[in-house]
Amino acid sequence: MSSEGKRPIFVDGRPVLQGNKVKLNHNSVIEIAGLRFVFFINLDLISAIRQEAVKVNIPV
């Protein structure tokens, strides 16, 4: 996740200042303007995309 605004965002309680990036992990808590969101990795969707890529011979 990249912070492009003037105010910091928080990922797992740590500030991410303007121009910086942070990697999101499963269950990371993202706080933007006092609102908290939980990031989930959709493993079922990733698996479906990989299976479809194999069918059409796209390297994953």
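I'm a student and want to see the number: the projected area of the Cα convex hull of the chain, averaged over all directions, in nm². Each step should come with its number before you reach the end.
Numbers: hull surface 20.5 nm².
Orientation-averaged projected area of the Cα hull: 5.1 nm².
Taking only Cα atoms, what is the 0 to 90° angle, nearest 10, from helix 43-55's long axis to the longest principal axis of the chain?
Taking Cα atoms only, the helix is inclined about 40 degrees.
What does the helix-only formula give at 222 nm for the chain: each DSSP H stretch with n ≥ 4 adding -39500 (n - 2.57), the total divided by the residues, and the result rounded to the nearest 500 deg cm²/dmol? Show your work: numbers first, answer last.
Values: 1 runs with 13 residues, N = 60.
Dividing the helical sum by the residues of the chain leaves -7000 deg cm²/dmol.
Which residues' amide hydrogens lie under 5 Å from the amide hydrogen of V16, considering only partners 5 or more residues apart or on another chain, with H built in the peptide plane?
HN-HN under 5 Å from V16: I9, F10, V11.
Output the relative contact order of the chain, whole-number percent, from Cα pairs under 8 angstrom with separation of 6+ residues. Walk me through the numbers on the way to the answer.
On the way: 80 pairs, mean separation 13.9, N = 60.
For the chain, the relative contact order is 23 percent.
Run through the chain and list the chymotrypsin sites (Phe, Trp or Tyr not before Pro) located in a DSSP loop whose Cβ has at most 13 other Cβ atoms within 10 Å. Each step should come with its number before you reach the end.
Numbers: sites: F10, F37, F39, F40; in loops: F40.
Sparse-neighbourhood loop chymotrypsin sites (Phe, Trp or Tyr not before Pro): F40.
No value in this document is a laboratory result; all are computed from the given coordinates. Bear in mind the structure is a predicted one, so any value in this text is a computation, not a measurement. Cβ: placed from backbone, ideal geometry, glycine included. Neighbour counts: every protein chain shown.
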